[in-house]
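Here is the structure we will look at, set down as structure tokens.
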């Protein structure tokens, strides 16, 4: 079973027949390290699911790159407003490592509802999950200290700290690279 099938089954509880039908709409795509899945200003006509590898979503603001999210295995990669509302993309989506994705284009995405009657309900759950993740991140940034945000990310996915440039992780956490280095040093000293 692919990561995509596991995700669909876990979060949406669809039966085996519907799972096979839904996953058939997704096609494999390989991205090499540095390849873009989407660039700011372009229109997104596809939604990707990370089977393996690491993808970063970021934007340029005042000559700085600001990382919104780092997607790893089991996460989607998409500029939702561009994909759903056909607006120019705000986000760049780039492979930080070689990646394997499952991708569905917007035409096939629209066809799923014709094949799976339950799709509109599943789509609502998907969008609700996306907004819940976003709300959680907002609450974290408003209510947690930099140290707490760092600890939470580190405990959630320690491997990111060995695979992703720290400046990207610092940006995603809303702190400077220097602050991240200090937090890492303090955490290492506490566990030594």
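One line per residue, one yes/no per condition, for (1) outside any helix (DSSP H, G or I); (2) touching a helix residue (DSSP H, G or I) at 6+ places or on another chain (Cβ under 6 Å); (3) more than 18 Å from residue 10 (Cβ to Cβ):
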site	(1), (2), (3)
50	yes, no, no
65	yes, no, yes
121	no, no, no
133	no, no, no
In the stretch 153-192, what residues are within 18 Å of residue 69 (Cβ to Cβ), out of contact with any helix residue (DSSP H, G or I) (no Cβ under 7 Å at 6 or more places or on another chain) and assigned to a helix (DSSP H, G or I)?
155, 156, 163, 168, 171, 172
Residues located in the stretch 1-29, provided they are surrounded by fewer than 13 Cβ atoms within 10 Å (Cβ to Cβ) and in contact with a strand residue (DSSP E or B) (Cβ under 8 Å, 6 or more places away or on another chain):
27, 28
Kindly establish whether residue 49 is touching a residue at least 60 places away in the same chain (Cβ under 8 Å), crowded, with 21+ Cβ neighbours inside 10 Å and more than 20 Å from residue 138 (Cβ to Cβ).
no
Take residue 41 and decide whether it is outside any helix (DSSP H, G or I), on the phi > 0 side of the Ramachandran plot and at pLDDT 95 or above.
yes
Out of all the residues in the stretch 52-63, which are surrounded by 14 or more Cβ atoms within 10 Å (Cβ to Cβ) and assigned to a loop (DSSP other than H, G, I, E, B)?
53, 54
Filter result (under 18 Å from residue 127 (Cβ atoms), surrounded by fewer than 16 Cβ atoms within 10 Å (Cβ to Cβ) and touching a strand residue (DSSP E or B) at 6+ places or on another chain (Cβ under 8 Å)) within the stretch 75-89:
86, 87
Pairs where the first residue, in the stretch 75-100, is touching a residue at least 12 places away in the same chain (Cβ under 8 Å) and the second is surrounded by 16 or more Cβ atoms within 10 Å (Cβ to Cβ) and in a helix (DSSP H, G or I), C-beta under 6 Å, 6+ apart
89/82
Restricting attention to the stretch 93-105, does a residue exist that is in a helix (DSSP H, G or I) and surrounded by 12 or more Cβ atoms within 10 Å (Cβ to Cβ)?
no
Could we say that residue 129 is in a helix (DSSP H, G or I) and either surrounded by fewer than 15 Cβ atoms within 10 Å (Cβ to Cβ) or modelled with pLDDT of 90 or more (or both) here?
yes
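The values are calculated or read from the model by the stated rules, or taken from the named source; none is laboratory data. Not measured: the values here are computed from a predicted model. FYI the Cβ positions are ideal-geometry reconstructions off the backbone, even for glycines, and counts take in every protein chain you see.
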